[in-house]
Amino acid sequence: RSRALAVQNRQRRASSSPRTLLVHALSSSSSPPVEDHGDAVEVDVDELKLLKEEKLERAGKYRAKVAGTETPEWTYARVVERRDLLPKLREVVLEVETSRELVSLRNSYCAVGKVAQVKVKGGDPVILTPSCTPFPPEEQHEALLRLRGDLRAGQTKLPEDPVTVKRKLSVLVTPEDGEVFDTQAEDEGIDEGNLSVEVGPFLGNGINLRGAIQSVYNYPTVILCAEGKGIGTAKAMIEAGMSRGSLDLCYREDVRLYYKVPNDDSVCYGNLFENWEKEFGVKTIVHTSSFLDAFDDDDTLEYEPDLTAVISLGDEEAEQSAQEMCEEAEIKLHIKSSVEQQAMLYADTGRVV
């Protein structure tokens, strides 16, 4: 009888106040039966919603950020220095922000072959070839902890400034690239708003270096064919060493760089060739003719066609020249810089970094 009265009491109150939720305390099945007197607790639904909104607002500053969608597209960069490589070719070194709290993975320089977007004083962006290795992910540990909302032992959640991770980015610049060619070095500590250069999302997916080429046993011999600005990409690939996504060139049996130039006065990074061979095992051969001629003149190279891979770095003409060399040498694997690797899939919601 008392249970029936309680049901009637709920129905009567619910019908008189549609915005009220009746919460009835029932005993669990594991507990001994308790006599039910029909008591109920009224909770205003609007008040519950308000409390939930306030809780979410307080937690907003502590939640894990979605770095793929909540970071700015462009960040300021400081011009550190510029080096004249050739009369009409310079290497500009920028100090850029790489923190995953401020630059999402999809917008970062994370693979050899991606190209940079740079603009000066709010002008139109220009696309430039990086000549340095991709930014190492190991430096993102602190930023990733912050993004995930993780805490160390004894640490209290408090609003904190983003973790900054500065790295040097070197790019190749010609007079055709506009104002960036004439940028001057800027003092360290200059206010961010006074910096003249901005760096945007890096474009492309990077050269397709995945698959069988990753195995040093499948392809112990690797030939790099570089021309023009492709020497910058070759430099990045060589100096990547054993970092993530690299080819571990120092563990290959024989690695050659055929560097095609118009004349002997057009050689870039000539002072680095000796170090590349000593530290990374890459022997550089400069040639003023075709890659095929460089291959024919290289009497010290011993290779097996099925165990040799060719990577061409440069424009379409460079790729065609490298392909002619592959056909003549019966080398089957030719990786072109214009062929990008499969695009990465980035999640845009949830605890994503």
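The values are calculated or read from the model by the stated rules, or taken from the named source; none is laboratory data. This one's a predicted model, so the numbers in the text were calculated from it and none came from an experiment. Glycine gets a Cβ as well: all are built from the backbone with ideal geometry, and neighbour counts include every protein chain shown. Remember, those area values only see protein heavy atoms, side chains included, never the ligands or the DNA or RNA. Shrake-Rupley method; radii C 1.70, N 1.55, O 1.52, S 1.80 Å.
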Average accessible area per residue (Å²) across the range 279-345 - probe 1.4 Å, nucleic acids and ligands excluded: 57
Could you do me a favour and compute the accessible area per residue for the range 104-220, 1.4 Å probe, result in Å²? 52
Quick one: which residues, 5 or more positions from LEU333 or on another chain, have an amide H under 5 Å from its amide H? H modelled 1.01 Å from N in the peptide plane, none for Pro or chain starts. VAL310
Where labels lie 7 Å past Cα in the beta-carbon direction, separation of LYS166 and ASP297 in nm: 4.4
In nm, what is the difference between 0.36 nm times the number of residues separating ASP315 and GLU279 and their Cα-Cα distance? 10.2 nm
Which of GLY211, ALA226, GLY189 sits farthest toward the positive end of the charge dipole of the range 179-299, with +1 on the Cβ of Lys and Arg and -1 on the Cβ of Asp and Glu? GLY211
How much length would be gained if the chain were fully extended between GLU304 and HIS141, taking 0.36 nm per residue of separation minus their Cα-Cα distance, in nm to one decimal? 54.4 nm
Per residue of the range 204-212, what does 6.51 cos²θ - 1.76 cosθ + 1.60 with θ = phi - 60° give for ³J(HN,Hα)? Whole Hz please, x for Gly and Pro, Karplus curve as stated. x, 10, x, 5, 6, 9, 8, x, 4
What is the ratio of the Cα radius of gyration of the range 176-309 to 2.2 N^0.38 Å, where N is its residue count, to two decimals? 1.28
Tensor-based shape of the range 70-117 (alpha-carbon gyration tensor, a/c under 1.5 rounded, otherwise prolate or oblate): prolate
In nanometres, what is the gap between the two model label sites at GLU47 and LYS332, each 7 Å from Cα along Cα-to-Cβ? 7.6
Calculate, axis by axis, the spread of Cα positions in the range 262-353 along the three principal axes, and write the results as whole Å, longest axis first. 57, 33, 25
If packing is taken as the average count of other Cβ atoms within 10 Å, what order do 94-101, 289-296, 162-169, 45-52 fall into, highest mean first? 94-101, 289-296, 162-169, 45-52
I need the calculated FRET efficiency for the pair ASP264 and GLU324, taking r as the beta carbon distance and R₀ as 25 Å, to the nearest 0.05. 0.60
Take the Cα coordinates of the range 114-250, assign each an equal point scatterer, and use the Debye formula without solvent to give log10 I(q)/I(0) at q = 0.21, 0.22 Å⁻¹. -1.32, -1.38
Mean-position separation - Cα centroids, the range 232-290 and the range 198-212, in angstrom: 20
Can you order the peptides 104-110, 194-200, 327-333 by their average number of other Cβ atoms within 10 Å per residue, highest first? 104-110, 194-200, 327-333
Relative to the compact-globule scaling 2.2 N^0.38 Å, provide the ratio for the alpha-carbon radius of gyration of the range 179-224. 2.12
Could you work out the mean projected area of the convex hull around the alpha carbons of the range 193-266, in square nanometres to one decimal? 7.7
If R₀ is 30 angstrom, what is the calculated FRET efficiency for the pair VAL80 and ILE127, using the beta carbon separation as r and rounding to 0.05? 0.90
